[in-house]
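**Q** Provided herewith is a single structure, encoded as structure tokens, for subsequent inquiry.
The values are calculated or read from the model by the stated rules, or taken from the named source; none is laboratory data. This is a predicted model, so every value here is computed, not measured. Methodologically, a virtual Cβ is constructed for each residue, glycine included, from the backbone with ideal geometry; neighbour enumeration extends over all protein chains shown.
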């Protein structure tokens with residue numbers, strides 16, 4: 001076991017040096033250009049031997065299990081990883097939910113193409129992370145349409161968020177997400193069923209939005225103006241950052257028409273600045289995991 005831990009440690013060190021894809025001959029070089037800790041830990045031949053022996057599941061039963069689960073080859077190790085993430089950290093009061101794209105161009109029936117992501121092609125992962133320390137607390141892999149059975153789930157944004165927040169249900173935390181997830185129904189559900197507040201941007205095609213919050217024609221002269229709408233526990237704000245553009249946000253955390261004075265003449269509503277300060281948790285994780293990639297072709 002100690003040797004296996006040492007192997008994993010070397011993978012992490014290679015990632016730290018941004019050498020995850022570097023030829024191992026260069027890492028183990030003894031002419032002064034290599035990284036000494038690799039040679040001191042184990043031989044290069046031993047490293048390759050351990051790498052070639054690693055398996056995440058029983059290959060003899062894999063095809064049978066794939067009939068019920070697209071994630072069968074990694075299901076067990078992935079769920080163990082997620083459980084360890086939950087056990088090892090106490091989240092702060094603000095969390096972010098968003099999607100990541102793990103770069104992958106191999107054969108996979110649920111590989112995604114997301115042109116807005118740096119990798120563009122890969123495996124989509126929905127994650128909940130600490131908004132301030134960027135720790136991954138809960139996540140699930142988008143596996144496409146699963147076969148009917150125990151692993152078949154609804155991949156609609158409402159259901160994805162509802163599953164991800166279960167470990168923090170009724171803890172009073174706040175969840176920030178973007179307009180792919182945001183809906184009035186979700187914000188209300190999180191507050192009433194999970195006792196969680198939430199903040200998110202809203203797409204303009206949502207039917208529940210008042211028409212006055214969408215129009216910019218009668219507000220072009222009022223750039224940097226905000227229009228607020230209040231319900232019992234939920235606030236909607238329409239902000240004009242420039243002519244002919246409106247930004248819509250919804251919040252169950254904020255209950256006043258407060259403007260952030262630190263934004264000067266732009267007069268951004270506090271809902272907006274709060275959203276900007278907590279929305280990037282998953283994006284930071286996505287960026288760091290790509291920069292310090294520990295994966296290696298086997």
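**Q** State all residues of region 226-238 that are part of a loop (DSSP other than H, G, I, E, B) and surrounded by 14 or more Cβ atoms within 10 Å (Cβ to Cβ); if no residue qualifies, say none.
**A** 233, 234, listed by residue number.
**Q** Is it the case, given these coordinates, that residue 201 is outside the structural domain of residue 9 (by TED's automatic domain parsing) and touching a strand residue (DSSP E or B) at 6+ places or on another chain (Cβ under 9 Å)?
**A** Taking the combined requirement at face value, the residue satisfies it.
**Q** Please work out which one of (1) in contact with a helix residue (DSSP H, G or I) (Cβ under 6 Å, 6 or more places away or on another chain); (2) over 18 Å from residue 272 (Cα atoms); (3) crowded, with 16+ Cβ neighbours inside 10 Å; (4) touching a residue at least 40 places away in the same chain (Cβ under 8 Å) is the condition residue 186 fails and give its number.
**A** Looking at each condition in turn, residue 186 falls short on (4).
**Q** Out of region 32-41, which residues are part of a helix (DSSP H, G or I) and free of Cβ contacts under 8 Å to residues at least 12 places away in the same chain?
**A** Selection gives 36, 39, 40.
**Q** A further question on this structure: Does residue 120 count as on the phi > 0 side of the Ramachandran plot and surrounded by 12 or more Cβ atoms within 10 Å (Cβ to Cβ)?
**A** yes
**Q** Another one. Out of (1) touching a residue at least 24 places away in the same chain (Cβ under 8 Å); (2) closer than 28 Å to residue 93 by Cα; (3) part of a loop (DSSP other than H, G, I, E, B), the odd one out for residue 209 is which?
**A** Result: residue 209 passes all but (2).
**Q** I've got another one for you. Name the residues in region 1-31 that are in contact with a helix residue (DSSP H, G or I) (Cβ under 9 Å, 6 or more places away or on another chain), part of a helix (DSSP H, G or I) and over 20 Å from residue 289 (Cα atoms), would you?
**A** 3, 4, 6, 24, 25, 27
**Q** Restricting to region 120-156, what's the tally of residues that are over 25 Å from residue 84 (Cβ atoms) and touching a strand residue (DSSP E or B) at 6+ places or on another chain (Cβ under 8 Å)?
**A** Number satisfying all stated conditions: 2.
**Q** Within region 88-109, identify whether any single residue is touching a strand residue (DSSP E or B) at 6+ places or on another chain (Cβ under 6 Å), modelled with pLDDT of 90 or more and assigned to a loop (DSSP other than H, G, I, E, B), and answer yes or no.
**A** Yes, the conditions are met somewhere in region 88-109.
**Q** Filter region 239-255 for residues that are in contact with a strand residue (DSSP E or B) (Cβ under 8 Å, 6 or more places away or on another chain) and assigned to a loop (DSSP other than H, G, I, E, B) and give the result.
**A** Result: 252, 253, 254, 255.
**Q** For residues in region 256-273 being at negative phi and in a loop (DSSP other than H, G, I, E, B), which is surrounded by the fewest Cβ atoms within 10 Å (Cβ to Cβ)?
**A** Checking each candidate, the answer is 256.
**Q** To continue, here is another question. So how many residues does region 191-207 have that are buried (at least 22 other Cβ atoms within 10 Å of the Cβ) and farther than 15 Å from residue 275 by Cα?
**A** Residues that pass the stated criteria total 1.
**Q** While we're here: Among the residues of region 42-68, write down those that are part of a helix (DSSP H, G or I) and either touching a residue at least 12 places away in the same chain (Cβ under 8 Å) or surrounded by 13 or more Cβ atoms within 10 Å (Cβ to Cβ) (or both).
**A** 44, 46, 47, 48, 50, 51, 52, 62, 65, 66
**Q** Since residue 132 meets every condition but one in (1) under 30 Å from residue 265 (Cα atoms); (2) outside the structural domain of residue 104 (by TED's automatic domain parsing), which condition does it not meet?
**A** If we test residue 132 against (1) under 30 Å from residue 265 (Cα atoms); (2) outside the structural domain of residue 104 (by TED's automatic domain parsing), just (2) comes out false.
**Q** Report whether or not residue 158 is in a strand (DSSP E or B), within 19 Å of residue 200 (Cβ to Cβ) and touching a helix residue (DSSP H, G or I) at 6+ places or on another chain (Cβ under 8 Å).
**A** The answer is no for residue 158.
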